[in-house]
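The values are calculated or read from the model by the stated rules, or taken from the named source; none is laboratory data. Note that the coordinates shown come from a computational prediction; the quantities given were computed from them, not determined experimentally. Positions of Cβ are backbone-derived with ideal geometry, glycine not excepted, and every protein chain shown enters the neighbour counts. Surface accessibility is based on the protein's heavy atoms, side chains included, excluding ligands, DNA and RNA. Shrake-Rupley method; radii C 1.70, N 1.55, O 1.52, S 1.80 Å.
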Amino acid sequence: MNNEDFDFFMSAFREITNIGMGNAVSSLSVMLNKKVDISVPNLDVIKLSDIFLNMEEPDEIYACSYVKMEGDLDSSLVFLIEKDSVKRLIKESVGLEIQSITELDEMSSSMIGELGNIMFGSYVSAISQFLNINLQVTPPQVAVDTFASLIAESIVMSITFEDEVILTETEIQVEDWENVIKGKIVFLMNEENRNKLFDYVKKVFYGG
């Protein structure tokens, strides 16, 4: 993909992502019983080795929700949430204060899975509807570990992954909450499926 094609793809995919995050707002508002706004400060296609360069502390603990995307495109999606954001989510939605997110109980883990389900469902639905293709996601799996370990584990679980990922950084602002909920959606996709995705995008904008 040359620079002109890459810029076109990123512009189109940002639009799709913004639609997906917009769709997630209403579901998250119901889940948290608060007004919610979601922004996407950064979206890029980067090499796997570079994803760790974006992290100040790759050994920082995160919670993650993982799904496989199936249908006209095969890939995997990982939604990672920073530990302080996880603690705030659990406190506000479940009513528990925890010292470490490695101590998640079943209810808290279920809440993280539901948050991931909302984000993935909205994201994939936007891609599916915008590109007029058939996509489904598997039920989310939840894990807590270092950022580096979670990405490594996701790669092992994903049979379609190669060397590049689509990284989307999200910020969820909840009414009356002092700090935003910071997360990252990592789109694991091999070259064949990336090329298919680009072809679908071109078809929508250029008719083929």
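When S110 is tested against the conditions (1) in contact with a strand residue (DSSP E or B) (Cβ under 6 Å, 6 or more places away or on another chain); (2) of a type in the set (G, A, S); (3) more than 22 Å from E178 (Cα to Cα), the lone failure is (1). Considering only region 80-102, I want to know if a residue exists there that is within 22 Å of I166 (Cα to Cα) and among the aliphatic types (A, V, I, L, M). Yes, there is a match, as at least one residue in region 80-102 is within 22 Å of I166 (Cα to Cα) and among the aliphatic types (A, V, I, L, M). With the condition kept exactly as written, say whether any residue in region 88-110 is of a type in the set (A, V, I, L, M, F, W, C), under 24 Å from V30 (Cβ atoms) and within 16 Å of the chain's Cα centre (by Cα). The answer is no; no qualifying residue exists. Is at least one residue of region 179-187 over 18 Å from the mean Cα position of the chain (by Cα) and touching a residue at least 24 places away in the same chain (Cβ under 8 Å)? Within region 179-187, one or more residues are over 18 Å from the mean Cα position of the chain (by Cα) and touching a residue at least 24 places away in the same chain (Cβ under 8 Å). Only residues that are closer than 24 Å to R88 by Cβ, under 17 Å from the mean Cα position of the chain (by Cα) and among the charged types (D, E, K, R) were counted across region 17-54, and they come to 1. Residues in region 172-208 that are part of a strand (DSSP E or B), open to solvent by less than 60 Å² (accessible area, probe 1.4 Å) and not hydrophobic (A, V, I, L, M, F, W, C): 2 in all.
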